[in-house]
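Here the structure comes first, spelled out in structure tokens, and everything after it is commentary.
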Amino acid sequence: MKKSRKIKLTNIAALVLTIAAVLLLVYIASGLVPTEIDDTVETESTTAATEATTELTTAATTTTTEATTEATTQAEEPAEPTVEEQALEILSGMSLKEQVYQLFIVRPEQITGSSEKLTEAGSDFEAGLEEYPVGGIAMFSENIIDREQTIEMISDMQSYSTLGLFIAVDEEGGTVSRIGNNSAMGTTSFPSMKTIGNTGDTDNAYNVGYTIGTEILELGFNLDFAPVADVDSNPNNTVIGNRAFSTVADVAAEMVAAAVRGFEDSGILCTLKHFPGHGDTGTDSHLGYTELDKSLEELWETEFVPFVSGIEAGADLVMVGHISVPQVTGDDTPASLSSTMIDILRNDLGFDGLIITDSMQMEAITDRYTSAEAAVMAIQAGVDIILMPDNLESAANGIIEAVENGEISEERIAESVLKILEVKIETGIL
């Protein structure tokens, strides 16, 4: 816009000078010059004016031509495609199967069917990934031996993927540290997040996010399932405890926001968990049905506070737990499969990033639903990514069949896949 204006001003200036020269010629030709000037002087003046006019006219023409050529060249240069345009182009070339498998992050063993934990990704993994082209891989302690092995395994897995993989890990600090608690990895080991929160200094929380993010990025990871945004408000809770920053919602919120900023500055994708809040449940969703007996108003007063803070700080993902909230939903459907709870997260809390379920291998899901049923319900509810279904092929086929019989629209699948592709393009994964 500024360059175009500059070109126009240059053209106008040249035109003004040309007109001035022409007027000078007219002035001289009209005999208005003083009579005492002899014919020789008059002739020289006329000649000089004519030459000046010619030069100015030539200069103006050249400037106009150059400006026109530059403007035409700029107009002919194709605009750089936006991230959305790039993602749409990729999406347009994907089959339904390829789209559906992008909705899954799984353990590496779920790709090969191995009964033993994988510590390398060879030809069997390559063949498995071709058959099950998932969106990402979640690695656990058993897959992580030392730095060299981890870097090589991740590099090999990425080389087999045409769309790039989310390579995820649970690295919270404290007890849940697949990497930090392995001395062979040479990374920083942090105390519990409760200890960090008790310092009252948000810089410490920022440092946790930034350090963990920087160190795992060097290994090839691009996604961390952290920080914990739960409030440890129930002393009888057996699953969160000192994994949370605080027993006080406002303190937890400040720490969560600082940790998110640290992760973001490190270049790693981060995840708030476990929405709507797992800190005041009486049971563990790993082991079976888990209920949060609170009203929506009560959730806003406590559980939602750190999630809102983390979302405002720029969290990339939110993990939804298998936590039933009957006072809000009117039934015992887990939040991860509930359109009511997903709508609250999207519309009321204002989260527009990727929504991922907690592990679908947890008994709160497997005790009540098949892999196909849970996967279909999650997508229908508005989830973008399904984490570790109990049976990957069954879950994927369940979604494909639901699309083919009209239970799920192709547009609904494309909506989530497009968001996944955009994130991968923006972060350089794809």
Among the residues of the range 376-402, count how many are in contact (Cβ under 8 Å) with a residue 40 or more places away in the chain and either closer than 19 Å to ASP332 by Cβ or part of a loop (DSSP other than H, G, I, E, B) (or both). 9
Of the criteria (1) within 21 Å of ILE323 (Cα to Cα); (2) in a helix (DSSP H, G or I); (3) in contact (Cβ under 8 Å) with a residue 60 or more places away in the chain, which one ALA253 fails: (3)
Of the conditions (1) out of contact with any Lys or Arg (no Cβ under 8 Å at 6 or more places or on another chain); (2) assigned to a helix (DSSP H, G or I), GLN327 clears all except one; give me its number. (1)
THR187 passes all but one of the listed conditions (1) under 30 Å from ASP280 (Cα atoms); (2) more than 23 Å from the chain's Cα centre (by Cα); (3) not hydrophobic (A, V, I, L, M, F, W, C); the exception is number (1)
Tell me, which residue of the range 334-368 that is farther than 18 Å from ASP384 by Cα and touching a strand residue (DSSP E or B) at 6+ places or on another chain (Cβ under 9 Å) is least open to solvent (accessible area, probe 1.4 Å)? ALA364
Cross-chain or 6+ apart pairs with Cβ under 6 Å, the range 291-302 first and on the phi < 0 side of the Ramachandran plot and of a type in the set (D, E, K, R), then at pLDDT 95 or above and surrounded by 12 or more Cβ atoms within 10 Å (Cβ to Cβ): GLU291/SER324
Restricting attention to the range 381-430, the residues that are in contact with a strand residue (DSSP E or B) (Cβ under 8 Å, 6 or more places away or on another chain) and polar (S, T, N, Q) number exactly 2
Within the range 256-267, restricting attention to residues that are farther than 22 Å from GLY321 by Cα and open to solvent by less than 10 Å² (accessible area, probe 1.4 Å), which residue is farthest from the chain's Cα centre (by Cα)? ALA258
Pull out all pairs, ordered by first then second residue, where Cβ-Cβ is under 9 Å, the residues are six or more apart or on different chains, the first lies in the range 136-154 and is more than 13 Å from GLY220 (Cβ to Cβ), and the second is assigned to a strand (DSSP E or B) and of a type in the set (A, V, I, L, M). ALA138/ILE105; ALA138/VAL106; ALA138/ILE167; ALA138/ALA168; ALA138/VAL169; ALA138/LEU223; ALA138/LEU387; PHE140/VAL169
Pick from the range 222-250, criterion in a helix (DSSP H, G or I) and touching an Asp or Glu at 6+ places or on another chain (Cβ under 9 Å), ranking: surrounded by the most Cβ atoms within 10 Å (Cβ to Cβ): ARG243
Of the residues in the range 193-221, those that are open to solvent by 20 Å² or more (accessible area, probe 1.4 Å) and part of a loop (DSSP other than H, G, I, E, B) come to THR199, GLY200, ASP201, GLY220
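The values are calculated or read from the model by the stated rules, or taken from the named source; none is laboratory data. Small disclaimer: the values here were computed from a predicted structure and weren't measured. No Cβ is skipped: glycine too gets one built from the backbone with ideal geometry, and neighbour counts run over all protein chains shown. All accessible areas refer to the heavy atoms of the entire protein, side chains included, with ligands and DNA or RNA removed. Shrake-Rupley method; radii C 1.70, N 1.55, O 1.52, S 1.80 Å.
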